[in-house]
Amino acid sequence: MEMGTQHVAKLEPFLLMSKAAKGAAAAKLIQDATSAPGVFVFGELLEQPNVQELAGHEQHSRFYSLLQLFAYRTYADYIQHKDSLPPLNDAQIVKLKQLSLVSLAQDSRILPYETLLRVLDMPTVRELEDLIIDAIYLDIVRGKLDQKEGQFEVEYTMGRDLEPGKLEQLLASLQNWASTTSSVLATLDQKLTELSTRSITAKKEKEQYDKTYQATLKEVADKQKEARNANKSHTFTGRTTITQAGLTELEREKARQAREKGKENDDDRDSMDVDEPAEGSKGKGRK
């Protein structure tokens, strides 16, 4: 069940009884409704004709003010106007403090214990936490107690009845919220568009980089292949390039070798002349 709807249902019996209650009976009905467990909304009861008649009744008008107090005011308002209101019993005091907690939770998500102790006139932190826990079980607020930080963190709260004249103020607040939300959404859309554009640009740049990188790798590989092929075509043949000085020295060596060879030939001829006898002396002394 949605938060707050069960409280409207618990008001139904009092709405039915208000149709027949007048004067003192209507005043007693207000006392019962504001004391009844689980009844936290009173706007429809305030609109009942027999109840509205109490506003102009000299003796019972303060009960109409009491119903207004529980509908959209707080415990601080009760303290301020206590003399003009009927005395409250313990159940009414606890309920009014819980409704005051709801009003505070509607204005701020973080409620320090120090503020709550002062505004709700709670003597100790333990009693304050018990009040908050009971309110959570009654489903009029949702949140968690942060004892370390000394605060109540509000997650959700029921809505209270609107005070006359506050509807325009609420509508203005809602319009302001709607305008702010639209502005935030427009800004988010712009940021998302920028991010999308950057993503596309980055993708294109990466693709271009990869393309250039691969082309560079291919170019390097081709050059290395050409260099290997060039080395294979320049195989060593045993021939070397001789300088002019080398050629001169080579000619000198050839001339020296020729001289030595000529000398050896001369020696061989001389040896042949000594060992062989003269042709005229062949057979001399033979008989």
Under 5 Å from the placed amide H of residue 57, counting only residues 5+ away or on other chains, we find none
Residue 44 and residue 263 label points (each 7 Å along its Cα→Cβ direction) are spaced in nm at 14.7
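How charged is the neighbourhood of residue 31? Take every other residue with its Cβ under 14 Å from the Cβ of residue 31, and add Lys/Arg as +1 and Asp/Glu as -1.
Computed value for this residue: +1.
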With label points set 7 Å from each Cα along the Cα-to-Cβ direction at residue 10 and residue 199, the distance between them in nm comes to 5.0
Each label sits 7 Å from Cα toward the beta-carbon; between residue 103 and residue 55 the label points are separated, in nm, by 1.9
Sorted by chain and number, the residues with a modelled amide H under 5 Å from that of residue 42, at a separation of 5 or more or across chains, are 161
A 1.4 Å probe over the protein heavy atoms gives region 1-54 a carbon and sulfur accessible-area percentage of 62
Per the rule of 0.36 nm per residue minus the C-alpha distance, extending residue 121 to residue 163 adds in nm 12.7 nm
Note, region 24-38: 3J(HN,Hα) by Karplus (6.51, -1.76, 1.60, θ = phi - 60°), whole Hz, Gly/Pro = x, goes 4, 5, 5, 5, 5, 4, 5, 4, 5, 5, 6, 9, 5, x, x
Listed by chain and number, the lysines with an alpha carbon less than 22 angstrom from that of residue 263, same-chain partners under 8 positions apart left out, are 254
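The values are calculated or read from the model by the stated rules, or taken from the named source; none is laboratory data. Note that the structure is a prediction, hence the values are computed from the model and not measured. Methodologically, a virtual Cβ is constructed for each residue, glycine included, from the backbone with ideal geometry; neighbour enumeration extends over all protein chains shown. With ligands, DNA and RNA removed, areas are computed over all heavy atoms of the protein, side chains included. Shrake-Rupley method; radii C 1.70, N 1.55, O 1.52, S 1.80 Å.
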